[in-house]
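Everything on this sheet refers to the single structure shown next.
FYI, it's all coordinate maths here, none of it is from the lab. Since the model is a prediction, treat every value here as computed from it, not as a measurement. Cβ atoms come from the backbone with ideal geometry, glycine included; neighbour counts cover every protein chain shown.
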Amino acid sequence: MEDFLAGLYPWVKFLHVISVISWMAGLFYLPRLFVYHAERVGQGNPTDDLFQVMERRLLRAIMNPAMIASWVFGLALVLTPGIVDWTMLWPWLKAGSVLGMTAFHMWLAARRRDFAEGRNSVTGRRYRMMNEVPTLLMIVIVASVIVKF
């Protein structure tokens, strides 16, 4: 298994990076949709329906598969011999940040359900602030992997 993963390393890394880019695009865009949905769209009208369709499709068709693929290919990289030195700080920072990113994804999914059920209570301002979470986590992840401190 180890030789198999080592031989596929460049392809797994490629697929991991593509998956992460797709996931991050959704993590940046969905809270933006929520800002406009919360501030400018009422409930039970055609614009509300349109926003709900966009939010649902973004989450289910792009973000969920991209998150799963990011995890699968990321775990394959972790299992590849010689890639991760767990005695260093960087893999732990990255792992913690990826868990944080996953929790943020789940928070967004719950907020989408709130909109769908007509019970959103989060303000546009709060969604704007929460939109910074994936950026901060991304900085920690990229710095951890590139600098390897």
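What the table below lists for this structure:
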read-out: Cα radius of gyration and Dmax for region 66-123 (Å); value: 16.1, 50
read-out: For L137, L8, order by how many other beta-carbon atoms lie within 10 Å, fewest first; value: L8, L137
read-out: Cα long-axis angle, helix 2-40 against the chain (0 to 90 degrees, to the nearest 10); value: 20
read-out: Distance histogram in 10 Å bins (all Cα pairs of the chain, percent per bin); value: 11, 37, 28, 16, 8, 1
read-out: Per-residue ³J(HN,Hα) for region 136-141, Karplus 6.51 cos²θ - 1.76 cosθ + 1.60, θ = phi - 60°, Hz, x for Gly and Pro; value: 5, 5, 4, 4, 5, 5
read-out: Per-residue Cβ neighbour rank within 10 angstrom, fewest leading, Y127, Y36; value: Y36, Y127
read-out: FRET efficiency, 1/(1 + (r/R0)^6) with R0 22 Å, evaluated for F104 and V145 via beta carbons; value: 0.70
read-out: For the chain, size of Cβ-based charge dipole, Lys and Arg +1, Asp and Glu -1, in debye; value: 420
read-out: Tilt relative to the chain, helix 46-57 - C-alpha long axis, 0 to 90 degrees, to 10; value: 10
read-out: Principal-axis tilt of helix 90-116 within the chain, Cα atoms, nearest 10 degrees; value: 20
read-out: Net +/- balance of residues flanking I141 in space, Cβ distance below 14 Å, scoring K and R +1, D and E -1; value: +2
